[in-house]
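The values are calculated or read from the model by the stated rules, or taken from the named source; none is laboratory data. This one's a predicted model, so the numbers in the text were calculated from it and none came from an experiment. Neighbour counts are summed over all protein chains in view; Cβ atoms, including those assigned to glycine, are modelled from backbone coordinates with ideal geometry. These accessible areas exclude ligands, DNA and RNA; they are computed on the full protein's heavy atoms, side chains included. Shrake-Rupley method; radii C 1.70, N 1.55, O 1.52, S 1.80 Å.
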Amino acid sequence: MGATETTTRWIRLRSALATLLTILMLVLISASTSPNVVAIADVPLPPGALPPGSAHYDIPSGALFVSPSGSDSSDGSINDPMSSLAAAVDGAQSGSTIVLRAGTYHESVILPDSKQLTVQPFPAEAVWFDGTAPLADWQPSARGWVHANWTVQFDSSPTYTRGAPDNTAESWRFVNPAYPLAGHPDQVFLDGVNLRQVGSQDQLMPGTFFVDYEAACLYLGSDPTGHEVRSSNLSSAFVMAGPRSTVRGIGIRGYAPSVPDMGAIYIAPSAANSVMENLLLQNNATTGLSVNASGVQLRHVTSEYNGLLGVQATEADNLTVEGALIRGNNTEHFNPSPAAGGLKITSSRGTAVRDSSFAKNEGVGLWFDESCYGIEVTGSLFTGNAVHGLQAELSAQVLVANNRFVANAASGAEIQNTGSVRIWNNTFSGNLRAVNLVQDNRRAADVGTQGHDSRQAVPDPEVSWLTRDITVRNNAFLRPAAGSPCLLCMADQERKLSGQQLRLSIRGNAWYPALPDGPRAAAIWLAGSAGTLSLPDLASFRAATGQEHPGVELALAAGADEATQLKALTKVLFQVADPMPDDIARLTRLPLGVRLVGSALKDPLLN
């Protein structure tokens, strides 16, 4: 048998197997009583970190041990542990593992660039790094209660420049005037509940605190009697400078980094190929984690309820984010722009985000900006974010595949000044807009405009800041939020472009039908100087643009719930779907050649 015949038979066999597997998928979907589409892909672990005390890591020979009951004059053996991580780091050789016994550590630690270190907990022991100190000796005052001799003071700049005032240009102000103290990192917790900072004694009420910096006094509006009061007095938990270092299995809470400090954990440019695993970061004053090195892996990291951002990354090439849970961030109510919400990545190349959840962030869930290139976002959930679920801005070479976008307040996926984008097999439900394609007046050829990656050629021929070459395939556009203008939307601020000039390819998608409870248009199509065309249903969209052959409107009654909408998808898999390209199938762990409309996420990722 010749090589060509063998290859042909293999292709036919692979096609037959793909068909059988797809039929199996249909059976599983039809039999499921869950409102979520069931896939036959590998089941990823649920997103997020294991709770502190749940991790079990092997302890290598020669490890150093640390315990809150130890002594820094000890030798660091298991029977004679040191008392601080900082002392263990100072005494460790490069390549060492430092094992932390159960307890709470109140430290700011530098892992130096001269050492490769692993920091982990003792198996099944809960370890926390806590940036707060307990406060007693409260005295009644004219308004509330006062703690004297409070001398802690942090940089309150809301920008990334220490001591600088807020920006003044439109869309570049960090602080919302309704929340003027957002940039102040001070934090006070009453029985673990974060109190709100106010600007004077006159504003004190239960649930608030005030810091009088000149008088060195801390005031509470709630009676502290019989309660635990803690206040942040450390800005940083870790500065990681050593390459190929690992921190895993612990919790980080209550630190007070200012915006210029970047995060409670700061991964320096020298810390290339470091790993963060099973880390829980919560209730830190601004950003939980800041990545500024190449090759970093974030595996099952939870960053939640931080003041500005869950995670920030800049010039972080080849970053992998796997199984992350980024939720409830921007508790200080910074303006969503220029940077607030879940995870923001800027000026980075080769980013992979998979099997993660971005939920209820006050801002964008996952945001790529300032000339990112080579982006893969797969197998993830974006739900309840106050702006977009996913935003790709001033970037290029983006794959968005096998994700769910649910009830985001603006767009499920916002593609702004970003080219070479593939949007495959996603399910959009309850967003104001499913997909929004936007072009504004910024161009990479304008070298003075902010947003270039300074490490690349300026202008960068690979990142033109043009929204074009967009492929939209096999997606499910289900019922949007009330008041939705469109499912697939387009906007050109200069009224110069047509949909054809964006070089769009739209086919194989399933659309929520033109019903009384539907959007005002199936699609808004660019028409150059004429502005836009509002196309109310799939038939008019197809007739006006020549797109969406094939494509289908779902057979639904008005008010159909999500379970009914998802069940309707099972009837159109072979009717409209294109075979999934091999590279996307491999990334999403789906069978090669599978035909599927919408996402194939399993239930565990949606919890």
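Residues in the range 88-127 that are in a strand (DSSP E or B) and open to solvent by 60 Å² or more (accessible area, probe 1.4 Å): 104, 110. Please verify whether residue 257 is part of a loop (DSSP other than H, G, I, E, B) and crowded, with 24+ Cβ neighbours inside 10 Å, treating the condition exactly as stated. So residue 257 passes the test.
Evaluate the following for residue 62: is it part of a loop (DSSP other than H, G, I, E, B), free of Cβ contacts under 8 Å to residues at least 24 places away in the same chain and over 25 Å from the mean Cα position of the chain (by Cα)? Here the answer is no, as residue 62 does not meet what is asked.
Of all residues in the range 268-282, those being surrounded by fewer than 24 Cβ atoms within 10 Å (Cβ to Cβ) and closer than 19 Å to residue 347 by Cα number 5. Among the residues of the range 577-607, those identified as at pLDDT 90 or above, closer than 23 Å to residue 47 by Cβ and of a type in the set (D, E, K, R) are 586, 589. Scanning the range 497-512 for residues that are more than 29 Å from the chain's Cα centre (by Cα) and open to solvent by less than 10 Å² (accessible area, probe 1.4 Å) yields a single hit, 499. Only residues in the range 405-429 that are on the phi > 0 side of the Ramachandran plot and in contact (Cβ under 8 Å) with a residue 12 or more places away in the chain count as the first member; pair them with residues that are in a strand (DSSP E or B) and open to solvent by less than 10 Å² (accessible area, probe 1.4 Å), Cβ under 6 angstrom, at least 6 apart or cross-chain, and list the lot. Correct list of pairs: 420/396; 425/401. Residues considered: 265, 250. Of these, the only one that is β-branched (Val, Ile, Thr), free of Cβ contacts under 8 Å to residues at least 40 places away in the same chain and crowded, with 24+ Cβ neighbours inside 10 Å is 265.
Name every residue in the range 539-559 that is assigned to a loop (DSSP other than H, G, I, E, B) and closer than 22 Å to residue 596 by Cβ, in order of residue number.
Kept after step one, since they are assigned to a loop (DSSP other than H, G, I, E, B), are these residues of the range 539-559: 546-551, 554-559.
The answer is 547, 548, 549, 550, 551, 554, 555, 556.
If you go through the range 331-357 and pick out every residue that is more than 27 Å from residue 157 (Cβ to Cβ) and in a loop (DSSP other than H, G, I, E, B), you end up with 2. Within the range 548-607, restricting attention to residues that are among the β-branched types (Val, Ile, Thr) and over 27 Å from the mean Cα position of the chain (by Cα), which residue is nearest to residue 402 (Cα to Cα)? This residue is 594. Output yes when any residue across the range 307-317 is within 24 Å of residue 172 (Cβ to Cβ) and part of a helix (DSSP H, G or I), and no when none is. No, the range 307-317 has no match at all. Restricting attention to the range 217-247, which residues are open to solvent by 10 Å² or more (accessible area, probe 1.4 Å) and among the hydrophobic types (A, V, I, L, M, F, W, C)? Across the range 217-247, the qualifying residues are 217, 234, 239, 241.
Out of 371, 380, one residue alone is touching a residue at least 12 places away in the same chain (Cβ under 8 Å) and at positive phi. It is 371. Tell me which residues, restricted to the range 358-368, are surrounded by 24 or more Cβ atoms within 10 Å (Cβ to Cβ) and of a type outside the set (Val, Ile, Thr). 358, 361, 363, 365, 366, 367, 368, listed by residue number.
Being buried (at least 24 other Cβ atoms within 10 Å of the Cβ), of a type in the set (A, V, I, L, M, F, W, C) and not in a loop (DSSP other than H, G, I, E, B) is a description that does not apply to residue 285.
The set of residues in the range 199-216 being free of Cβ contacts under 8 Å to residues at least 12 places away in the same chain, open to solvent by 40 Å² or more (accessible area, probe 1.4 Å) and either under 18 Å from residue 257 (Cα atoms) or not charged (D, E, K, R) (or both) consists of 203, 215.
Which residues, taken from the range 419-445, are more than 20 Å from residue 378 (Cα to Cα), open to solvent by less than 10 Å² (accessible area, probe 1.4 Å) and among the polar types (S, T, N, Q)? Selection gives 439 alone. Across the range 451-477, the number of residues qualifying as under 23 Å from the mean Cα position of the chain (by Cα), in a loop (DSSP other than H, G, I, E, B) and either surrounded by fewer than 17 Cβ atoms within 10 Å (Cβ to Cβ) or hydrophobic (A, V, I, L, M, F, W, C) (or both) comes to 2. The test for being surrounded by fewer than 21 Cβ atoms within 10 Å (Cβ to Cβ) and not hydrophobic (A, V, I, L, M, F, W, C) does not hold for residue 588.
Residue-level check: of (1) closer than 25 Å to residue 397 by Cβ; (2) among the hydrophobic types (A, V, I, L, M, F, W, C); (3) crowded, with 24+ Cβ neighbours inside 10 Å; (4) touching a residue at least 60 places away in the same chain (Cβ under 8 Å), residue 313 misses just (4).
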